[in-house]
Amino acid sequence: MRTTLTVVRGNLIALLTLSSALFAGVPAYKVDKSFGQHEIKAPPVSVAMDAKDCLHVLLKDGTVMYFDTEGKMTGSFKADMKPAPSAMTVADGRIYLLASELAQTTREFQGKKVKVSEPSGVKCCVYDPAGTKQSEIKLAGVVSATDAHFIGNKLVVADFSQQCIAFFALSGNEGKMTRKISKVFRLCCGIFDFCPGPEADSIVVANLGAFKVQTFQADKKFSEFGARGEKEAEFHGCCNPVNVACLADGSIVTVEKSPTRVKIYDKDGKAEKPVTGLGELVEGCSEIPIVVDSKGALYLASDQKNCIVKCVPGAADAATAAQPATAVGP
């Protein structure tokens, strides 16, 4: 028995050592404080990356801005959508902007009846890079849009109001829901973020109320990691992580608020590395949208500081690694 236990323990240590060695190849990150710090004058609410590593930034007022990899603004337009769009994705040279339409309803609050505006549906407007509207698509079956991505040829929308992720097949001006993932999310603060996963037809979800990162494929959950706590590998606060992204090797980037923490986990969620030097990007319950480019750089949006923070692969400065810098932005 003792011999068997020794062999098992030795094999386990070998596997853990191998996993650590492989994950050691994930680069450290340093903050590029010069990236696009002066052009953004309104809160950014969504970010997206096209196939040429052109960063698209959607502002709260409906303005879409383009930046190259050096942080130079290369173009912009303001969408003629009311209400203003809340989510954005890009595909095949087109910009898809999604807005949650509102309807008035009566609710009882502290014994009184009050009129409130609530999400009642989602419309999607498609623009070319010059800002010319190409089409308007009605997405039946969802009532709010907090995030959107293309997974294969399907437009996938996160609906916070109904706590579901819906898949749409687009044809002309119609969006037909083909399936949805629901009744498995524990959400709060109006935040609901996901990203395309490392496998075909997979998505990675920030299930912040459950303090989990969950991966789904073909509508079924096949992996998850995360727990509430104050340790580096855990997720802290009232609800975290608020946002997620995936690197090309399958590593998963998680973003936490209050205080801001960005970590990179291996694809199994078994090991993590912090991204240092960010400071506080938001205060309170606010998301920090993130997107990555083909070289593994991270782009984080702060709606409270009106800025994009770029983190580039490379050795972090010794001083930065030892002590976080002050917040980037105005």
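Quick notes on this one:
- Counting only strands (runs of 3 or more DSSP E) wholly contained in the stretch 192-290, the ones carrying 3 or more residues that are under 19 Å from I165 (Cβ atoms) and out of contact with any helix residue (DSSP H, G or I) (no Cβ under 9 Å at 6 or more places or on another chain) occupy 193-196, 202-207, 212-217, 220-225, 243-246, 252-256.
- Answer from G237, G152, G172 - the residue that is closer than 21 Å to V291 by Cβ and at pLDDT below 95: G152
- Scanning the stretch 128-139 for residues that are among the small types (G, A, S) and either within 14 Å of D92 (Cβ to Cβ) or modelled with pLDDT under 95 (or both) yields one hit, S135.
- One residue from D80, D128 being exposed (fewer than 15 other Cβ atoms within 10 Å of the Cβ), more than 19 Å from V45 (Cβ to Cβ), of a type in the set (D, E) and assigned by TED's automatic domain parsing to the domain that holds G175: D128
- Positions within the stretch 144-166 being touching a Cys at 6+ places or on another chain (Cβ under 9 Å) and in a strand (DSSP E or B), in sequence order: D147, A148, H149, L155, V157, A158
- T215 under 25 Å from P274 (Cβ atoms), within 14 Å of the chain's Cα centre (by Cα) and crowded, with 17+ Cβ neighbours inside 10 Å: yes
- The C-beta contact set for the stretch 192-209 (first residue within 23 Å of R228 (Cβ to Cβ) and in the same structural domain as A227 (by TED's automatic domain parsing), second residue surrounded by fewer than 17 Cβ atoms within 10 Å (Cβ to Cβ) and of a type in the set (A, V, I, L, M, F, W, C), distance under 6 angstrom, 6+ apart or interchain) comprises G209/C188.
- For the stretch 240-281, residues that are under 14 Å from I191 (Cβ atoms) and modelled with pLDDT of 95 or more total 9.
- For the stretch 120-150, the set of residues classified as under 21 Å from the mean Cα position of the chain (by Cα) and more than 25 Å from D201 (Cβ to Cβ) consists of K123, C125, listed by residue number.
- Qualifying residue in the stretch 312-325 (condition: modelled with pLDDT of 85 or more, farther than 20 Å from E234 by Cα and not charged (D, E, K, R)): yes
- Complete set of residues in the stretch 156-196 that are buried (at least 23 other Cβ atoms within 10 Å of the Cβ), closer than 19 Å to N240 by Cα and among the aliphatic types (A, V, I, L, M): A158, I165, I191
- Positions within the stretch 247-272 being among the aliphatic types (A, V, I, L, M) and farther than 12 Å from E287 by Cα, in sequence order: L247, A248, I252, V253, V262, I264, A271
- Pairs with Cβ under 6 Å, 6+ apart, first in the stretch 216-238 and farther than 18 Å from K270 by Cβ, second surrounded by 15 or more Cβ atoms within 10 Å (Cβ to Cβ) and hydroxyl-bearing (S, T, Y): Q217/S202; G237/S258
The values are calculated or read from the model by the stated rules, or taken from the named source; none is laboratory data. The structure displayed is predicted, hence computed values, not measured ones. Heads up, the Cβs are rebuilt from the backbone with ideal geometry, glycines too, and the neighbour counts pull from every protein chain shown.
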